[in-house]
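Engineer: Got a structure here, written out as structure tokens. Questions coming.
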Amino acid sequence: MDVICHSVDVEIPTTAAEPMLWSGWGDPARAAELPEPVRRLLGDLLGVRAPDTPAAALGEVRLPGPALPAPVVAGLEDAVGAGHVRRDHEARVRHTRGKSTPDLLRIRAGDGSDAPDAVVLPGSHDEVLAVLRICAAHRVAVVPFGGGTSVVGGLAADRRGFAGVVALDVSRLNRLVSVDAESMVAELEPGLRAPQAERLLAGHGFTLGHFPQSYEYATLGGFAAARSSGQASAGYGRFDDMVVGMTVATPRGTLELGRAPKSAAGPDLRQVILGSEGAFGVITSLRLRVRRVPAERLYEGWRFASFAEGTAALRRLAQDGPVPTVLRLSDETETMVGLARPDELGGLAADAGCLAVAGYEGEPGETRARRDAAAAVLAGLGGTCLGPGPGESWARGRYSAPYLRDSLLGAGATVETLETAGFWSALPGLYDAVRLSLQGSLGSPLVMCHVSHVYGTGASLYFTVVTAQSADPLGQWETAKKAANEAIVAAGGTISHHHGVGRDHRDAYAAEIGELGVEILRGIKDRLDPDGILNPGVLIAG
Ligand SMILES: Cc1cc2nc3c(=O)[nH]c(=O)nc-3n(C[C@H](O)[C@H](O)[C@H](O)COP(=O)(O)OP(=O)(O)OC[C@H]3O[C@@H](n4cnc5c(N)ncnc54)[C@H](O)[C@@H]3O)c2cc1C
């Protein structure tokens with residue numbers, strides 16, 4: 001390969017502006033209006049028109065009247081300290097639902113009907129146990145709350161049959177407890193947001209290597225509870241691969257799980273908690289496998305003539321190696337939109353092909369050798385190396401898409417993402433089925449897709465949809481999402497590769513694991529949470 005790749009200085013954020021925008025994503029200072037040419041183009045291409053009603057202000061969000069009985073409030077204040085039980089309007093709004101597009105549409109319309117009655121902030125494992133005891137005794141539902149970035153309805157408890165709902169916010173559990181440098185295992189508390197965790201670990205020369213798009217605001221507990229996967233998962237693995245042990249508070253007491261790197265001592269109960277989305281217990285501590293901070297990062301772009309050709313090349317690398325740390329491939333539409341500059345949108349290049357990004361992180365000699373060997377494979381399978389430019393600009397801009405979503409919502413477009421995974425042999429069918437379902441239900445939306453995570457046996461597909469908001473944008477998206485879910489199931493994909501189940505995927509998940517599977521989950525929940533107070537309605541039906 002004659003393209004020169006140099007180590008790129010991609011800043012890994014180690015702080016996030018607090019608090020996050022209550023009605024959208026991220027740092028409020030970064031909220032931006034759409035440039036006029038983009039607005040015009042959205043109008044011309046998709047018929048997007050500015051909405052008639054402006055978004056509600058924080059004080060205008062309508063909340064249910066506070067329902068917590070006085071003895072519960074007193075008990076909670078006694079358990080965690082009066083200052084750590086918040087019942088004010090702002091705290092309740094900030095803990096209402098997550099950050100999916102329907103969540104944002106509802107809160108921007110002033111609908112706070114899923115708000116908790118109180119936000120409780122325990123400062124230790126024992127305080128979490130105490131909160132669970134009090135809530136179980138008074139039949140109060142508890143929603144474990146991490147970064148609040150769920151996009152599957154994981155934070156909207158069903159309050160029917162309960163005396164009230166509290167959000168159990170773990171943000172005070174935010175310590176790096178210990179680092180076992182010899183074993184490369186760190187114990188961290190679940191309320192650490194990813195940038196805070198990276199900053200603490202960097203002090204010891206380590207990284208988790210977990211960089212999902214929600215990196216700036218999501219927490220370690222949320223990653224474990226929802227089986228998150230980061231953009232560098234090809235190299236560092238999914239979050240559930242990193243969890244070697246954990247402590248879990250349940251209404252029945254404490255679970256301590258994981259005492260060796262691998263074990264043949266029966267079924268692995270860590271797997272029961274990973275992905276349980278707060279319905280079985282509250283994760284209060286995590287023992288995580290860490291990696292050394294890489295000395296070098298190389299990112300570069302590749303062009304393939306078609307999505308099928310690019311997918312075949314990614315498969316070859318995933319199966320036969322060498323495996324890059326980051327490996328992703330955009331389809332033709334995503335490539336075309338991604339290459340367009342907002343001020344140059346008139347010049348969308350229809351023959352841009354498909355852009356792949358390959359990134360390599362590690363020690364200088366090893367990284368370059370891995371890059372050269374992978375580059376030879378990609379070139380041999382039809383790829384053209386575009387050099388570091390596209391890879392580095394992807395790496396620099398990789399946390400900005402959620403900000404753009406807010407701007408588009410404000411301009412009258414619905415933008416949402418959905419994802420699935422399947423075996424390589426099923427992937428083309430899955431891709432076609434989801435696209436067709438979205439096109440069928442939304443008329444002529446923009447549907448973009450990329451291969452986001454690769455494995456030897458298959459890959460995940462991540463779709464982004466942009467469409468003009470109808471008069472009922474929530475109903476419009478509900479119909480489209482239902483059609484996409486059905487298409488995923490029919491084409492043999494999983495209902496989620498990394499967003500989780502929540503309430504939005506609950507029925508499709510039940511169909512995926514079957515009646516007996518649901519019974520097993522129900523049995524586990526009944527044992528750990530006999531009063532059913534933990535996140536009712538999330539993961540399995542209440
Ligand atoms: C813009 C955007 C981009 C995203 N990109 C990605 C991505 O690239 N990869 C990815 O995997 N996901 C992504 N997500 C989804 C989301 O960030 C992940 O699901 C993440 O794991 C949630 O973490 P959190 O701390 O925000 O958890 P929350 O949203 O607060 O909670 C998620 C679920 O876990 C439960 N929970 C939280 N903390 C605990 C705990 N300590 N114990 C028990 N249960 C708990 C909650 O009750 C809830 O059901 C994205 C979301 C957004 C909004």
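Engineer: Write down, largest first, the equivalent ellipsoid semi-axes of region 382-533 in whole Å, where each equals the square root of 5 times an eigenvalue of the alpha-carbon gyration tensor.
Structural biologist: 30, 22, 17
Engineer: If each of Arg199 and Ala137 carries a label point 7 Å out from its Cα toward its Cβ, how far apart are those two points in nm?
Structural biologist: Reported label-point gap for Arg199 and Ala137 is 3.8 nm.
Engineer: Classify region 101-236 from the C-alpha gyration tensor, please: rounded if a/c falls under 1.5, else prolate or oblate depending on whether a/b exceeds b/c.
Structural biologist: It comes out oblate by the Cα gyration axes.
Engineer: Using only alpha carbon pairs under 8 Å that are at least six residues apart, calculate the relative contact order of the chain and give it in whole percent.
Structural biologist: Across the chain, relative contact order equals 18 percent.
Engineer: What nm distance separates the two modelled labels at Ala490 and Ser400, each placed 7 Å from Cα along Cα→Cβ?
Structural biologist: In this crude label model, Ala490 to Ser400 measures out at 3.9 nm.
Engineer: Relative to the longest principal Cα axis of the chain, at what angle does helix 401-411 sit, 0 to 90 degrees, rounded to 10?
Structural biologist: The angle comes out at about 80 degrees.
Engineer: Ranked from the most accessible area to the least, with a 1.4 Å probe and all protein chains present, what is the order of Met184, Met20?
Structural biologist: Listed by decreasing accessible area, they come as Met184, Met20.
Engineer: What accessible area per residue comes out for the chain, rounded to a whole number of Å², with a 1.4 Å probe?
Structural biologist: That works out to 40 Å² per residue.
Engineer: On to the next question. Report, to the nearest whole %, how much of the accessible area of the chain belongs to carbon and sulfur atoms, 1.4 Å probe, protein only.
Structural biologist: Looking at the chain in its full context, I get 53 percent from C and S.
Engineer: Using Cα pairs closer than 8 Å and at least 6 residues apart in sequence, work out the relative contact order for region 142-183, in percent.
Structural biologist: 47 percent
Engineer: I need the P(r) histogram for the chain: all alpha carbon pairs, bin width 10 Å from 0 out to the longest distance, whole percents.
Structural biologist: Pair shares across the bins are 4, 18, 29, 28, 16, 5, 0, 0.
Engineer: Shifting gears a bit: Percent relative contact order of region 99-206, based on C-alpha pairs within less than 8 angstrom and at least six residues apart?
Structural biologist: The normalised contact order for region 99-206 reaches 27 percent.
Engineer: Can you list the equivalent-ellipsoid semi-axes of region 257-414, largest first and in whole Å, using the square root of 5 times each Cα gyration tensor eigenvalue?
Structural biologist: After diagonalising the Cα gyration tensor, the semi-axes are 34, 25, 16 Å.
Engineer: Using a ≥ b ≥ c from the Cα gyration tensor of region 165-274 (square roots of the eigenvalues), is it rounded, prolate or oblate, where a/c under 1.5 gives rounded and otherwise the larger of a/b and b/c decides, a/b for prolate?
Structural biologist: rounded
Engineer: On a 0 to 90° scale, report how tilted helix 125-137 is relative to the longest principal axis of the chain, with both axes built from alpha carbons and the result rounded to the nearest 10.
Structural biologist: Tilt of helix 125-137: around 60 degrees.
Engineer: In addition: Grab the DSSP H runs of the chain that are 4 residues or longer, score each as -39,500 (n - 2.57), total them, divide by all residues and round the 222 nm result to the nearest 500 deg cm²/dmol.
Structural biologist: When only DSSP H runs of four or more count, the value is -10500 deg cm²/dmol.
The values are calculated or read from the model by the stated rules, or taken from the named source; none is laboratory data. Keep in mind it's a predicted model, so treat the numbers as computed, not measured. Every residue, glycine among them, receives a Cβ derived from its backbone with ideal geometry; neighbour counts consider all protein chains shown. Accessible surface is based on the protein model in full, side chains and every heavy atom, while ligands, DNA and RNA are left aside. Shrake-Rupley method; radii C 1.70, N 1.55, O 1.52, S 1.80 Å.
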